[in-house]
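Report on the structure given below.
The values are calculated or read from the model by the stated rules, or taken from the named source; none is laboratory data. It should be emphasised that the depicted structure is a prediction, and the values quoted were computed from it without experimental measurement. Glycine also receives a Cβ, built like all others from the backbone with ideal geometry; neighbour counts cover every protein chain displayed. Please note that ligands, DNA and RNA were not included when accessible areas were found on the heavy atoms of the full protein model with its side chains. Shrake-Rupley method; radii C 1.70, N 1.55, O 1.52, S 1.80 Å.
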Amino acid sequence: MYDKVLSVWGDSIAKGVIFDEARGRYAVLKDSCLSRLAREKGVSVENHSVMGQTSENALERMRAEDLKPGEVAVIEYGGNDCDLDWQAVSDHPELPQFGKVPLAKFAQNLKELVRRVGAAGAEPVLVTPAPLISQRYFDWVSKGRSSENILRYLGDVEHIFRWQDGYAECVRSVARELGVRLVDVRSRMLESGNLDELMCVDGIHPNAAGHALIYEAIAPRFA
């Protein structure tokens, strides 16, 4: 049995949220990658993840008393940090957008989160954001908005993927700079070659198959 507590700080993906098409709403997956780690590997998981959270929210929530010496603190942000104000894009495609948390600020936030974890005597582990499927996500955020204006702002649909990829590379860069362990979920999912089958209809949340792949990628670390 893995003898360290896994303290997880992330967004809806770490929370295990998927879009349940049958019920037409978001729901927490019973067999998420982290719930399976707890059940099948005996890992003690304290999940502080919240849907919609950014690294900025994490700085507001993560306190010294939430971290314990000897535990492993997993930090998984970026998917919401990079997200744009799609209503503003739809209404004013001529105006620049910088994401909920601009890239430079995102890097600073990650470094501060790593510092706090280390100061508490815990081990930080950074996780890259899961990849999105551009067309699905474009269709999703365009609902009830002007798809023409959104596309005008983007230039091409794949701009969404490239924009998010900058945040994923930022996570990798911070991990290298600080000598922190990295779990590159993004690369693992892309290398699978079947991303379409791993993502929900919204194009941004891994589905049950996606969580199964993530579990298979990380489970050997907890043998």
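Give region 173-223 a look and list any residue that's acidic (Asp, Glu), over 14 Å from the mean Cα position of the chain (by Cα) and not in a helix (DSSP H, G or I), or say none.
Taking region 173-223 and keeping what is acidic (Asp, Glu), we get 177, 184, 191, 196-197, 202, 216.
Imposing the further condition that a residue be over 14 Å from the mean Cα position of the chain (by Cα) reduces the set to 177, 191, 196-197, 202, 216.
The one that is acidic (Asp, Glu), over 14 Å from the mean Cα position of the chain (by Cα) and not in a helix (DSSP H, G or I): Asp202.
Right, Ala73: under 20 Å from Leu182 (Cβ atoms) and part of a helix (DSSP H, G or I) or not?
no
Among the residues of region 166-211, write down those that are in contact with a Cys (Cβ under 8 Å, 6 or more places away or on another chain) and over 23 Å from Val50 (Cβ atoms).
Of everything in region 166-211, just one residue is in contact with a Cys (Cβ under 8 Å, 6 or more places away or on another chain) and over 23 Å from Val50 (Cβ atoms), namely Gly166.
How many residues are buried (at least 20 other Cβ atoms within 10 Å of the Cβ) and more than 15 Å from Ser32 (Cβ to Cβ) if we restrict to region 190-208?
2
For the structure I just gave you, tell me whether Arg172 is in contact (Cβ under 8 Å) with a residue 12 or more places away in the chain and open to solvent by 70 Å² or more (accessible area, probe 1.4 Å). I'd like the intermediate steps shown before the answer.
Numbers: in contact (Cβ under 8 Å) with a residue 12 or more places away in the chain: yes; open to solvent by 70 Å² or more (accessible area, probe 1.4 Å): no.
Judged against the criteria, Arg172 is not a match.
Residues that are at pLDDT 95 or above and open to solvent by 30 Å² or more (accessible area, probe 1.4 Å): which strands (runs of 3 or more DSSP E) entirely in region 1-60 hold 1 or more of them?
Where strands (runs of 3 or more DSSP E) fall fully within region 1-60 and carry at least 1 residues being at pLDDT 95 or above and open to solvent by 30 Å² or more (accessible area, probe 1.4 Å), they are 17-20, 25-28, 44-47.
Could you give me the residue pairs with C-beta distances under 6 Å whose first residue belongs to region 121-134 and is of a type outside the set (A, V, I, L, M) and part of a loop (DSSP other than H, G, I, E, B), whose second residue is at pLDDT 95 or above and open to solvent by less than 10 Å² (accessible area, probe 1.4 Å) wherever it lies, and which are 6+ apart or on separate chains?
Between residues of region 121-134 that are of a type outside the set (A, V, I, L, M) and part of a loop (DSSP other than H, G, I, E, B) and residues that are at pLDDT 95 or above and open to solvent by less than 10 Å² (accessible area, probe 1.4 Å), the close pairs are Thr128/Ala168; Thr128/Val171; Thr128/Arg186; Pro129/Gly78; Pro129/Ala168; Pro131/Arg186; Pro131/Met189.
Looking at Gly144, Gly99, which is the one that is out of contact with any helix residue (DSSP H, G or I) (no Cβ under 7 Å at 6 or more places or on another chain), assigned to a loop (DSSP other than H, G, I, E, B) and either within 29 Å of Ile214 (Cα to Cα) or touching a residue at least 24 places away in the same chain (Cβ under 8 Å) (or both)?
Working: Gly144 fails: either within 29 Å of Ile214 (Cα to Cα) or touching a residue at least 24 places away in the same chain (Cβ under 8 Å) (or both).
Only one candidate qualifies: Gly99.
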